[in-house]
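Reading through the structure tokens given below for one structure.
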Amino acid sequence: NKLHGNIAIDGPAGAGKSTAARLLAQKLGYLYIDSGAMYRALTWKALHQGIDLADERQLVALAEATTIRLENTAAGTVKVYCDNEEITAAIRQETVSHHVSTVARVPGVRRRLVELQRQMAASNRVVMDGRDIGTNVLPEAPYKFFLTASLEERARRRYQELIASGRPVDLETIKEEIRRRDAQDSQREVDPLQPAPDAVIIDTTNMKVEEVVAKLLELIQAHHGVNTPAGEPS
Ligand code: CDP
Ligand code: CDP
């Protein structure tokens, strides 16, 4: 099966987008673009500089003056650079997670980052994950997926991840943070989180990572592209 065309993966926090996107890109030899890492990088810089996050003009000026670069490593991970400084680990800090959707709701910020995302996709076949990839960044992508899972399961995944990295966390707090961020992302005016009309929606609540990747590959190879629950004939 000859594959061609970009792959867009959207969905709420903890749905398993980045894990699946990274593995899929590795298998297909595509470039993986973590668009969320770009919003996180800008948020990290804004916090670092003490910018008032309620000041949209300052945030837009910052976005326009910032160079964000994503580097796919041979190991399949992504290194994140902001103005040539590596901030891969720093963008996962809780303060960044807490504030990122406030930065991401600013239209001028989105305009700038979407432009960069499209540039990255212009010269490569990509798997890109985020919130508005299928609806806005790559509306022409032939393969669009919307991954979801129950709030409980998504919180549990984040919890396990943080515990494994040695960070003390509380499951209820994580659940509330995810709930709040999803609401902000879904309710913003510009390019809110929602499935593209032609996205395949996959509920991963009871699926292992490998099962999700296998499902995506199967759907890509079968050239699906309609809004039916995965597994049902379209
Ligand atoms: O990995 P996680 O689910 O925690 O989120 P992420 O993909 O790193 O994205 C962080 C935040 O960036 C999201 O909650 C959104 O506010 C914003 N984002 C966005 O607005 N549009 C995108 N295409 C990607 C991320
Ligand atoms: O990018 P997104 O926020 O959608 O989620 P992720 O960062 O890919 O996944 C969050 C965590 O859940 C990771 O530690 C994954 O290994 C785990 N995960 C899982 O346990 N089962 C899945 N089907 C997908 C992800």
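Across the stretch 54-139, Cα-Cα pairs farther apart than 21 Å form 35% of the total. When the chain is treated as a Gaussian network with alpha carbon springs shorter than 10 Å, the biggest mean-square fluctuation among Ala74, Ala20, Ala196 belongs to Ala74. Accessible area per residue for the stretch 1-116 is 44 Å², calculated with a 1.4 Å probe on protein heavy atoms, without ligands, DNA or RNA.
So how strong a dipole does the stretch 1-47 carry about its Cα centre when Lys and Arg Cβ are +1 and Asp and Glu Cβ are -1, to the nearest 20 debye?
Here the stretch 1-47 has a charge dipole of around 100 debye.
In this structure, the amide hydrogen of Phe145, modeled 1.01 Å from its nitrogen in the peptide plane, lies closer than 5 angstrom to those of Ala8, Ile9, Asp10, Val200, counting only residues at least 5 positions away or on a different chain.
For Lys215, the aspartates and glutamates whose Cα falls under 14 Å of its own Cα, not counting residues fewer than eight places away in the same chain, are Asp203, Glu232.
For the pair the stretch 135-183 / the stretch 82-117, the C-alpha centres are spaced 16 Å from each other. Measuring nothing but protein heavy atoms, the accessible surface of the chain at 1.4 Å probe radius is 49 percent carbon and sulfur.
Here's the picture: charge each Lys and Arg Cβ at +1 and each Asp and Glu Cβ at -1 in the chain, and of Thr204, Gln160, Ala214 the one pushed furthest to the positive end of that dipole is Ala214. Built from the Cα atoms of the stretch 9-119, the convex hull projects on average onto 6.9 nm², one quarter of its surface area.
Semi-axis lengths, largest first, of the ellipsoid equivalent to the stretch 105-195 are 28, 16, 13 Å, with √(5λ) applied to each eigenvalue of the Cα gyration tensor. Less than 5 angstrom separates the built amide H of Ile33 from those of Val127, Met128, Asp129, all sequence-distant by 5 or more or on a different chain. Simple rule: put +1 on each Lys or Arg Cβ and -1 on each Asp or Glu Cβ in the stretch 1-131, find the dipole, and look at Tyr39, Thr77, Ile51; the Cα lying farthest toward the positive end is Thr77. For the chain, the mean residue ellipticity at 222 nm estimated from helices alone is -14500 deg cm²/dmol, where every DSSP H run of n ≥ 4 contributes -39500 (n - 2.57) and the total is divided by all residues, rounded to the nearest 500.
Overall shape of the chain was characterised from the C-alpha gyration tensor. The equivalent ellipsoid obtained from it has semi-axes of 27, 21, 17 Å, in decreasing order. Label separation (Lys208 vs Ala54): 4.9 nm, computed from points 7 Å beyond Cα along the C-beta direction.
For the chain, the dipole from Cβ point charges (+1 on Lys and Arg, -1 on Asp and Glu) about the Cα centre works out to 340 debye, to the nearest 20. Rolling a 1.4 Å probe across all protein chains gives Ile163 an accessible area of roughly 80 Å². Ordered by solvent-accessible area of protein heavy atoms (1.4 Å probe), largest first, the residues Arg180, Arg154 come out as Arg180, Arg154. With label points built 7 Å along Cα→Cβ from the Cα atoms of Glu64 and Gln160, find their separation and express it in nm. Placing both labels 7 Å along Cα→Cβ, they lie 4.5 nm apart. The modelled label-to-label distance for the pair His98/Arg180, using points 7 Å beyond Cα in the direction of Cβ, is 0.7 nm.
Summarising the overall dimensions of the stretch 25-64 from its C-alpha atoms, the Rg and Dmax are 14.2, 42 angstrom. Measuring nothing but alpha carbons in the stretch 78-128 and taking Rh as the Kirkwood radius, the Rg to Rh ratio lands at 1.00.
The values are calculated or read from the model by the stated rules, or taken from the named source; none is laboratory data. Every value quoted in this text rests on a predicted model; they were computed, and no experiment measured them. Cβ sites come from the backbone with ideal geometry, for glycine too, and all protein chains shown count toward neighbours. Areas reflect the complete protein model, heavy atoms only, side chains present, ligands, DNA and RNA absent. Shrake-Rupley method; radii C 1.70, N 1.55, O 1.52, S 1.80 Å.
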